[in-house]
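The values are calculated or read from the model by the stated rules, or taken from the named source; none is laboratory data. This one's a predicted model, so the numbers in the text were calculated from it and none came from an experiment. Neighbour counts run over all protein chains shown; Cβ positions are idealised from the backbone, glycine included.
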Amino acid sequence: MANTTQFTQLKKLSAKRNKLMDRVHGIDAQINSILEAVKVRGAVEKKDCPQPGSGPYKLCKVMSSRPKTKEEIAEKTGLSMSTVTAYLQQFNCFQSAGRGKRYIYKKPK
């Protein structure tokens, strides 16, 4: 008698667990779809070149096809190192020359 009640209780609990696991898998699927949408939305495209008169445009005036370090660029433009780093990463016309130590300016066509 005790075994049969334990078996019925076991069946009920396992059925309940299966329902809960199905809900958990459904919620996981929803979370993953939201995360994928956020990743796609978070992708930012670089602009080709800064607009004349803007802060990043100072780099265009100072830089050339001769590679320069961030320190040289910051010194000549009067900008901080962190600002120069941010500007170099925002635009396609600023390219790394070598191992990321020096940068060049490629004029847009």
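Structure summary
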item	result
Elements of type helices (runs of 4 or more DSSP H) in region 46-91, at least 2 residues being out of contact with any strand residue (DSSP E or B) (no Cβ under 7 Å at 6 or more places or on another chain) and farther than 15 Å from residue 106 by Cα	70-77, 81-90
First in region 52-69 and in contact (Cβ under 8 Å) with a residue 60 or more places away in the chain and under 16 Å from residue 90 (Cβ atoms), second anywhere and surrounded by fewer than 19 Cβ atoms within 10 Å (Cβ to Cβ) and small (Gly, Ala, Ser), Cβ under 7 Å, 6 or more apart	none
Single match in 33, 14 (criterion: at pLDDT below 85 and on the phi < 0 side of the Ramachandran plot)	33
Filter result for the condition that a residue is part of a helix (DSSP H, G or I), more than 30 Å from residue 102 (Cα to Cα) and under 19 Å from the mean Cα position of the chain (by Cα), over 24, 38	38
Subset tally (residues that are surrounded by 12 or more Cβ atoms within 10 Å (Cβ to Cβ), under 15 Å from residue 102 (Cα atoms) and more than 25 Å from the chain's Cα centre (by Cα)) for region 70-92	5
Index of the failed condition, residue 9 passing every other in (1) exposed (fewer than 10 other Cβ atoms within 10 Å of the Cβ); (2) in a helix (DSSP H, G or I)	(1)
Count - residues of region 79-104 that are touching a residue at least 24 places away in the same chain (Cβ under 8 Å) and either touching an Asp or Glu at 6+ places or on another chain (Cβ under 9 Å) or over 14 Å from residue 47 (Cβ atoms) (or both)	12
